[in-house]
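Structure first, commentary second.
The values are calculated or read from the model by the stated rules, or taken from the named source; none is laboratory data. Computed from a predicted structure; not experimentally measured. Neighbour counts are summed over all protein chains in view; Cβ atoms, including those assigned to glycine, are modelled from backbone coordinates with ideal geometry.
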Amino acid sequence: MAHILVIGAGPGGYVAAIRLAQLGQKVTICDHREIGGVCLNRGCIPTKALLYATSIISSSNQAQAFGIKFSEPVIDWVRLNNWKNSVVEKIRQGIEYLFRVNNIEFIPAFARFLNPQEVELKKRDGEIIKLTPDKIIIATGSKPVALSNASGSKAITSDEALQLTDIPKELLIVGAGAVGLEFATIYSRLGSKVTVVEMMDQILPGADQEVAHYLARILEKQGIEIRLKTKLLLESVYRQTQTVLIAIGRKPNTSDLGLENTGIAQDKNGFIMVSKFYSTRVPNIYAIGDVIGPPLLAHKAMAQGIVVAELIAGTPNVMKVVPVCVYTDPELAFVGMTEEEARNIGKEVLIGRSNLLAIGRAHTMNRKDGMAKVIVDKHSDRILGVHILAPEASNLIAEATLALSQDMTVKEFVRTVHPHPTLSELLLEAAENVHKKSIHTLNR
């Protein structure tokens, strides 16, 4: 039985630890902060709790269109935050329970490499523990990037945006990535006047341009002001805006790990460089999750944790594709290539599209803004990318992810019967539209 040390108890780390234990390994995992990492404590889970809670406000407003009218909501901000925190605590307790039943040792401590084989753990009470495990997995995650000239009480990161004591009257968000747009959605629903600025020429840089532009128009209709190709003079902004949320990206948590004592290679941004099996230049040390670079996604880290755990246990596996989800309203989810990426590498492509207006279930929900887009290789008929802008897109994208991971052709995909009436028919209609066989969408 090998002894494995996992440094970092976020999504990648705790999943790797549990799978290693399931495969008969002796596992120690450490973290100087809460179990669950950023995702559980300061990211995915608390933001999704707030997005769900505030969606009730927007749903009540939309209900007037079909004859149901509510009085103006009264927001108990303290109670809402207490509920959000209770959700986090319940999930954290669940992970702690899984550690216990899988005989995983958790040590609340800072970890620092003394050399490639030895790690020093400094516990919160000052006690020092030195370990020489057989294998080490680094899963220390990332933290928000701050602007060098964004000092002062008005400038906050996503961490602080979850801990505000009051709902700001005005909120300026710097960065139109997933984090910025999700907080824009939350606080706009709560009544803040939200402005999002982005230096690039589209929101969600890297997403399919057509779909991103469509989402931008929808968000603007919701009252969120979006300014693209914009750089800020923060000094003047501070005089005009109550709160400024800096959401321009994240950087790896590597600065205090003692990597200089190991020979591990890092890129110019500090991310750890790894092979396709997540091994570093040091044979016994692996790295997964945010600490190895974009995309910075919890489910990517989880999948990598399983791949590494099974590799260490002697059952190697490979992760093929990773979906991306943005929890705006409507949600945007995509997997595989954008149209621009496919054309830039010389692919001849066929495009299938379907609008939410073509879907009966959408009409029953009074939801008409949205689309699906399927990108297919013209010669092989293989699906290269799928992009969904719709309610529940984060759930719908799993089907597309399976299709890409199995190298399915679009002709194979459309043989799957999709239940009616459901939003899943949006993806079927877009796939049928590739070969101009869509039933409810004009085949142009």
query = From the list G175, G191, G249, G206, which one is on the phi > 0 side of the Ramachandran plot and either surrounded by 19 or more Cβ atoms within 10 Å (Cβ to Cβ) or of a type in the set (F, W, Y) (or both)?
reply = G175
ask   = Quick one: which of A358, A303, A362 is under 30 Å from I18 (Cα atoms) and either surrounded by 17 or more Cβ atoms within 10 Å (Cβ to Cβ) or assigned by TED's automatic domain parsing to the domain that holds V194 (or both)?
value = A303
request  = Examine segment 132-143 for a residue that is exposed (fewer than 15 other Cβ atoms within 10 Å of the Cβ), more than 24 Å from G180 (Cβ to Cβ) and among the charged types (D, E, K, R), and state whether such a residue exists.
outcome  = yes
message = Any residue that is assigned to a loop (DSSP other than H, G, I, E, B), among the small types (G, A, S) and under 30 Å from R19 (Cα atoms) - is there at least one of those in segment 137-144?
response = yes
message = Go through segment 269-294 and report how many residues are surrounded by fewer than 21 Cβ atoms within 10 Å (Cβ to Cβ) and out of contact with any strand residue (DSSP E or B) (no Cβ under 6 Å at 6 or more places or on another chain).
response = 10
inquiry  = Criterion first (assigned by TED's automatic domain parsing to the domain that holds G36 and in a strand (DSSP E or B)) does I173 satisfy it?
reply    = no
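In segment 282-355, which strands (runs of 3 or more DSSP E) lie fully inside it and hold 2 or more residues that are hydrophobic (A, V, I, L, M, F, W, C) and under 20 Å from the mean Cα position of the chain (by Cα)? Full working, then the answer.
Working: elements: 285-287, 324-326, 331-336, 349-355.
Strands (runs of 3 or more DSSP E) meeting the threshold: 324-326, 331-336.
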query = In segment 65-104, how many are farther than 25 Å from V38 by Cβ and touching a residue at least 12 places away in the same chain (Cβ under 8 Å)?
reply = 5
request  = Go through segment 4-56 and give me each residue that's touching an Asp or Glu at 6+ places or on another chain (Cβ under 8 Å), surrounded by fewer than 21 Cβ atoms within 10 Å (Cβ to Cβ) and either assigned to a helix (DSSP H, G or I) or not assigned by TED's automatic domain parsing to the domain that holds N102 (or both).
outcome  = L51, S55
request  = Six or more apart or on different chains, Cβ under 7 Å: which pairs go from a residue in segment 425-443 that's on the phi < 0 side of the Ramachandran plot and surrounded by 24 or more Cβ atoms within 10 Å (Cβ to Cβ) to one that's modelled with pLDDT of 95 or more and part of a helix (DSSP H, G or I)? Could you list them?
outcome  = L426/L356; L427/L396; L427/E399; L427/A400; E429/A358; A431/V410; A431/F413; V434/V410
inquiry  = Can you pull out every residue in segment 121-131 that is closer than 20 Å to G37 by Cα and surrounded by 15 or more Cβ atoms within 10 Å (Cβ to Cβ)?
reply    = L121, K122
